[in-house]
1. In the range A:79-101, what residues are more than 8 Å from chain B (Cβ to nearest Cβ) and part of a helix (DSSP H, G or I)?
2. Considering only residues of the range B:202-230 that are at pLDDT 90 or above and under 13 Å from B:Val44 (Cα atoms), which is surrounded by the most Cβ atoms within 10 Å (Cβ to Cβ)?
3. Checking B:Phe58 against (1) buried (at least 19 other Cβ atoms within 10 Å of the Cβ); (2) under 16 Å from B:Val153 (Cα atoms); (3) facing chain A (nearest Cβ under 10 Å), which single condition isn't satisfied?
4. Give the residue, chosen from B:Val84, B:Val64, that is modelled with pLDDT of 90 or more, β-branched (Val, Ile, Thr) and over 30 Å from B:Tyr267 (Cα atoms).
5. How many residues, within the range B:145-188, are open to solvent by less than 40 Å² (accessible area, probe 1.4 Å) and not in a helix (DSSP H, G or I)?
6. Sort out which residues of the range A:157-175 are within 11 Å of chain B (Cβ to nearest Cβ) and within 17 Å of the chain's Cα centre (by Cα), and write them in order of number.
7. Any residue in the range A:140-152 that is under 11 Å from A:Ala130 (Cα atoms) sitting within a Cβ distance under 7 Å of a residue that is part of a strand (DSSP E or B) and among the small types (Gly, Ala, Ser)? List the pairs, counting only those 6 or more apart or interchain.
8. If you go through the range B:262-278 one residue at a time, do you hit one that is within 14 Å of chain A (Cβ to nearest Cβ) and either open to solvent by less than 40 Å² (accessible area, probe 1.4 Å) or outside any loop (DSSP other than H, G, I, E, B) (or both)?
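The values are calculated or read from the model by the stated rules, or taken from the named source; none is laboratory data. This one's a predicted model, so the numbers in the text were calculated from it and none came from an experiment. With ideal geometry, Cβ positions are generated from the backbone for all residues, glycine too; neighbour counts draw on all protein chains shown. Just so you know, the surface numbers come from the protein's heavy atoms only, side chains and all, with ligands and any DNA or RNA stripped out. Shrake-Rupley method; radii C 1.70, N 1.55, O 1.52, S 1.80 Å.
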Amino acid sequence: MKKLILSAAALALSAGMALAASHSTIRMGTEGAYPPYNFINDKGEVDGFERELGDELCKRAKLKCTWVTNEWDSIIPNLVSGNYDTIMAGMSITPERDEVIDFTQAYTQPDPSAYMALSDSVDITGGVIAAQTNTIQAGFVAQSGATLVEFATPEETIAAVRNGEADAVLADKSYLAPIAAEDSSLVLLAKEELIGGGVGMGLRESDGELKAKFNAAIQSMKDDGTLNALIAKWLPDSAPF
Amino acid sequence: MSPSGGRTIFSYCTDPETLGRLAWASCYLTTGKHMGLYWSFLTVLALLAITAPTALLFGFGGAVAARSHFFASRWFGRFYISVVRGVPDIIFFMFFVIAIDQGLEWARHQILCPDWTEPIRQGNDFRVCPAAKLPLSSAPQWVHEVYGFFTAVLTFSIVFGAFAANVLFGAMQAVPQGQLETGAAYGMSRRQTFWRILVPQMWVYALPGLSNLWMILIKATPLLFLLGVEDIVYWARELGGSKTARFSDYPHGDWRLWYFLGLLVFYLVFTKISEALLERLMRRLSRGQATLGATV
């Protein structure tokens, strides 16, 4: 009987602990289609710079985290309606986005945006430029005077250049560089655009406590140099902090 | 940083670069990612297997309601049929799923967290207490996926139920009046006439319309991705997209064409099989019926 009470108490305790822990499970939303920031690896899991960084941030903030993917177009609406709690998807901090959601401090330096085309002689001021919908690059091209064609996924913007639908694609340099390195028909143009204010983690505006935790974790990774090590590993073209 | 192949089915897959073509393909097609693709085929088939009977049930209910002699249920049936049929699917899928999800969470919040003081709507944010979340954010990923799957089933059922309701409504009207009068003449009650005369005979009139719906339902399954379920089109796009050697053991160019061709074959074969089965069913249902296709 004593044993029974004891085990019942242990069960209740562990259930209580599970319940307490349940409130700290953070669902991390990402796109999973933007290497090296985030992508789906051969095993079918989320991988990349933000996966490794996010896992470390969760460890430092003592949070239990799981990863979920969501397409880019609806990534902010689904955060706001509570399907997941954070966005780590190579999302640059912009004033427009900041009106709808909150950002932690940036965990990358502003990454220059680069053009990639089939040849060096492409006219990027009057030609057709591909960019992913709802990105800073799409916003930039819309104002630059070039003709903008938008695509839902980064992959399609590259395909548009390959098949001649667009003259060039404008995207983060760290996304384009590995592609240009392996495909000799594609070249990065010398001209780069400095847009965006660095990539940060997006959170709901009402989630101040969570934001403070992640801000502190990012700061601690900046202070001890681990963030720079991750940047050097995944984003070799980006400047360290 | 070369991502390792991790758990592989064949032992020789640890270093794909050294392999011959056939061995490479056998490794490539059994990566964890491809398992996601194969699994999504089962998801689609399961969705169809559950949605079709559910939608038929909704349709039957809608048709019965629309024919009802009570004003309220007739009004409800007609309202359901015309509103759902009139709203574009994509809007319905986007709006309805979010609305039902938030509605359920709101209700749970009222019941489970009576002393929660913060407002649920804060600017753009929809915040309920953690205990009211559906599913709980601590629930394992598969629970989230099952929940997403069943919201998808419900949404598909409501949309296709409205179309099915209209088809069944028409089919019920098409059963010759004389058949029903004969039922009444034998002293059957209205309920008996309905179940014994009308329902068994209406299927032959309903089947062409229902088979159309079934075909459209098969083709509508890619809308699953809108609902957050990773369906075959999502995986085909993801797997077919070009991969660089830095991020994958199996680098390749843009192979989306091949994956989509695979999907094309899948859908064509599936609809072809459906057609053959539906034709057999039609022959079966026509037997002894007073229609032109009937074999007496």
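1. Across the range A:79-101, the qualifying residues are A:Leu79, A:Pro95, A:Glu96, A:Arg97, A:Asp98, A:Glu99.
2. B:Leu217
3. Answer for B:Phe58: the failing condition is (3).
4. B:Val64
5. Final tally of qualifying residues: 1.
6. Scanning the range A:157-175 gives a single hit, A:Tyr175.
7. So the pair list comes out as A:Val141/A:Ala131; A:Leu148/A:Ala131; A:Val149/A:Ala130; A:Glu150/A:Ala131; A:Phe151/A:Ala130.
8. No: the range B:262-278 contains no residue that is within 14 Å of chain A (Cβ to nearest Cβ) and either open to solvent by less than 40 Å² (accessible area, probe 1.4 Å) or outside any loop (DSSP other than H, G, I, E, B) (or both).
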